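To start, the structure itself, in structure tokens.
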């Protein structure tokens with residue numbers, strides 16, 4: 001980090017965004033900020049991330065399987081994965097549902113870089129706040145059709161880094177929101193503490209921050225997926241610069257590139273990197289080969305890496321059979 005770091009001084013002012021943006025709220029729940037919804041956001045770790053530290057944080061998130069780095073409309077953000085049937089898995093739009101004694105809860109945690117990700121057109125539910133206040137009234141939208149609980153969406157941060165927490169629960173108290181803020185703030189404090197190690201090796205020297213050990217050897221495996229034509233890629237790679245990995249597939253007999261646009265979009269994913277190249281990072285992808293005939297044929301799967309500077313390099317390749325199209329349920 002630069003020796004002289006300019007930190008923006010934030011005033012702990014809560015801004016409750018209640019603008020309806022011309023939307024009809026007849027199908028929305030009642031908005032309120034009752035005492036049980038108040039939370040403590042006095043931890044100011046989020047405000048300590050200048051551009052250099054944000055880049056270090058992004059490197060850490062890209063290399064940690066607990067976080068899934070995404071990009072939409074030029075916005076880079078990371079969604080924290082939660083346990084589903086004992087495994088940390090990716091979910092559509094980053095939302096996780098749980099049910100306990102008939103009570104449904106839905107949550108999402110993400111870190112956005114540069115500007116907030118937000119909550120679509122439902123802006124009335126959003127509470128915007130800069131860290132520093134101990135008693136923050138969180139806007140809660142009451143239960144209504146399509147939402148079986150009390151919902152809130154907190155955007156906390158500034159200066160280029162925003163923590164966003166969605167919390168739908170039967171009670172008004174924002175237990176998940178408070179816990180998520182405290183947990184992420186503690187994780188960010190570790191990133192600041194070990195920023196030199198992260199820049200060099202791409203990882204925190206704290207095993208408890210990772211859902212599973214990082215791989216110890218290079219690999220590139222292509223396994224059968226849940227239906228004919230779908231394949232699951234498991235790899236371990238060691239990039240030395242920021243970028244994304246992806247898959248290319250070719251028909252060995254004809255040289256034709258298979259399902260180019262679909263495979264590229266499905267498999268492209270930001271992965272971790274290290275300056276010394278000694279750290280291996282997981283890369284997992286699912287690809288769907290549309291060119292399925294009634295006979296099997298051999299295909300070559302290639303693993304590619306594109307750096308942020310636009311340089312492409314092939315890391316590995318393997319061949320396997322593309323299964324023939326079945327005449328039953330996969331038709």
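The values are calculated or read from the model by the stated rules, or taken from the named source; none is laboratory data. Quick caveat, the model's predicted, so the values are computed rather than measured. Virtual Cβ from ideal backbone geometry, glycine too; neighbours counted across all protein chains shown.
In this structure, residue 172 qualifies as assigned by TED's automatic domain parsing to the domain that holds residue 73, surrounded by 15 or more Cβ atoms within 10 Å (Cβ to Cβ) and not in a strand (DSSP E or B). Only one of the listed residues (314, 290, 227) is closer than 23 Å to residue 90 by Cα, loosely packed, with under 13 Cβ neighbours inside 10 Å and in contact (Cβ under 8 Å) with a residue 12 or more places away in the chain. That residue is 227. Per the conditions (1) without any contact (Cβ under 8 Å) to a residue 24 or more places away in the chain; (2) crowded, with 17+ Cβ neighbours inside 10 Å; (3) part of a loop (DSSP other than H, G, I, E, B), the sole criterion not satisfied by residue 187 is (3). Residue check: residue 239 meets all listed conditions (1) in a loop (DSSP other than H, G, I, E, B); (2) modelled with pLDDT of 95 or more; (3) in contact with a helix residue (DSSP H, G or I) (Cβ under 8 Å, 6 or more places away or on another chain) but one, namely (3). Looking at 200, 168, just one residue is in contact with a strand residue (DSSP E or B) (Cβ under 7 Å, 6 or more places away or on another chain) and modelled with pLDDT of 95 or more, and that residue is 168. Residues that are in contact (Cβ under 8 Å) with a residue 40 or more places away in the chain, over 29 Å from residue 52 (Cα atoms) and surrounded by fewer than 17 Cβ atoms within 10 Å (Cβ to Cβ) within region 107-121 comprise just one, 121.
Residue-wise test of (1) in a helix (DSSP H, G or I); (2) touching a residue at least 40 places away in the same chain (Cβ under 8 Å); (3) under 22 Å from the mean Cα position of the chain (by Cα); (4) surrounded by fewer than 18 Cβ atoms within 10 Å (Cβ to Cβ).
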residue: 157; (1), (2), (3), (4): no, yes, yes, no
residue: 163; (1), (2), (3), (4): no, yes, yes, no
residue: 166; (1), (2), (3), (4): no, yes, yes, no
residue: 180; (1), (2), (3), (4): yes, yes, yes, no
residue: 208; (1), (2), (3), (4): yes, no, yes, yes
residue: 244; (1), (2), (3), (4): no, yes, yes, no
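Determine if region 119-134 includes at least one residue that is assigned by TED's automatic domain parsing to the domain that holds residue 75 and within 19 Å of the chain's Cα centre (by Cα).
So the first thing to find is which residues in region 119-134 are assigned by TED's automatic domain parsing to the domain that holds residue 75, and the list is 119-134.
Imposing the further condition that a residue be within 19 Å of the chain's Cα centre (by Cα) reduces the set to 119-120.
Yes - at least one qualifying residue is present in region 119-134.
No other residue among 268, 309 is within 21 Å of the chain's Cα centre (by Cα) and closer than 22 Å to residue 55 by Cα apart from 268. Region 42-154 holds strands (runs of 3 or more DSSP E) entirely within its bounds, and those carrying 2 or more residues that are in contact with a helix residue (DSSP H, G or I) (Cβ under 6 Å, 6 or more places away or on another chain) map to 67-72, 75-80, 103-113. The lone criterion from (1) buried (at least 16 other Cβ atoms within 10 Å of the Cβ); (2) closer than 22 Å to residue 58 by Cα; (3) out of contact with any helix residue (DSSP H, G or I) (no Cβ under 6 Å at 6 or more places or on another chain); (4) at pLDDT 95 or above left unmet by residue 266 is number (4). Within region 250-259, can one find any residue that is without any contact (Cβ under 8 Å) to a residue 40 or more places away in the chain and not in a loop (DSSP other than H, G, I, E, B)? The answer is yes; a qualifying residue exists. State yes or no: is residue 139 in contact (Cβ under 8 Å) with a residue 24 or more places away in the chain and closer than 23 Å to residue 78 by Cα? The answer is no for residue 139.
Taken over region 197-206, the criterion of being touching a residue at least 40 places away in the same chain (Cβ under 8 Å) and surrounded by fewer than 18 Cβ atoms within 10 Å (Cβ to Cβ) is satisfied by 199, 200.
So how many residues does region 210-226 have that are in a loop (DSSP other than H, G, I, E, B) and touching a strand residue (DSSP E or B) at 6+ places or on another chain (Cβ under 9 Å)?
9
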